[in-house]
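Before any comments, here is the structure.
Just so you know, all these numbers are worked out from the coordinates, no wet-lab data involved. Keep in mind that this is a model prediction, so the values were computed, not measured. We place every Cβ from the backbone using ideal geometry, glycine too, and count neighbours over all the protein chains shown.
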Amino acid sequence: MRVKEIMTPGPACCAPDTRLEKVASLMLENDCGEIPVVDGTKLVGVVTDRDIAMRGFAHAKNPLDVPVKNIMTRDVLSVDEDTPLDVALESMEERRVRRLPVTRNGKVVGIVSQSDLLPYVPATKFIEFVEAVSRAGAQPYNLTVRVEDADSNDLHASAGEPQSLARRGI
């Protein structure tokens, strides 16, 4: 089975300059917890409801006015729509992510979440997956948050270079 067979197609996306207020509205309107951030058609990050709560509201003077580029996760794992489901699941588990943007020729065309996986993954494997992505503690990759200018609330999170399974040859 391929990712494109189970993904949620056409996810809401935003641009790096989109304000958090708009992103939160997109999440509410689309009943989702993650919005891919695109520059033109290129995936440059993701922002989750947790990013807004932890990086936006916890550190910003006026969080609703903060652009998403200041708090988004830049180290984005994505998969091509033709990636086998078991490869995507393994990568999500390894990186401890609950949602995974899906691309076609580099353009975001879908998203796969935990709930999308449930009907297609054996129960024991799904339980292992949920336990792995929910495990307390640090991400398996070093996460660095740096404040560029304390007055501008400009926060950046990085865990290295963005990785795509397609780019890694998977």
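For the reader, a short list of remarks on this structure follows.
- Partners for Lys107 among lysines (Cα-Cα distance below 21 Å; same-chain residues under 8 apart left out): Lys4, Lys42, Lys69
- Rounded to the nearest whole Hz, the Karplus-based 3J(HN,Hα) values (6.51 cos²θ - 1.76 cosθ + 1.60, θ = phi - 60°) of region 29-45 follow the sequence 4, 9, 6, 9, x, 8, 10, x, 9, 10, 10, x, 10, 7, 5, 10, x, with x at glycine and proline.
- Distances between placed amide hydrogens fall under 5 Å for Thr83 paired with Val3, Lys4, all partners being 5 or more residues away or on another chain.
- You can think of it this way: the chain between Met54 and Asp82 has 6.7 nm of extra reach, that is 0.36 nm per residue less the Cα-Cα gap.
- Amide proton proximity set for Val109, modelled H, under 5 Å, gap of 5+: Val102, Thr103, Arg104
- Point-charge dipole on Cβ atoms (K/R +1, D/E -1) for region 17-112, about Cα centre, debye to 20: 420 debye
- Label-zone membership for region 65-91, site Asn30, 7 angstrom Cα→C-beta point, backbone N under 13 Å: none
- Phi angles of region 70-83 translate, via the Karplus equation with coefficients 6.51, -1.76, 1.60 and θ = phi - 60°, into HN-Hα couplings of 7, 10, 5, 7, 8, 7, 9, 8, 9, 10, 6, 4, 8, 5 Hz per residue; Gly and Pro are given as x.
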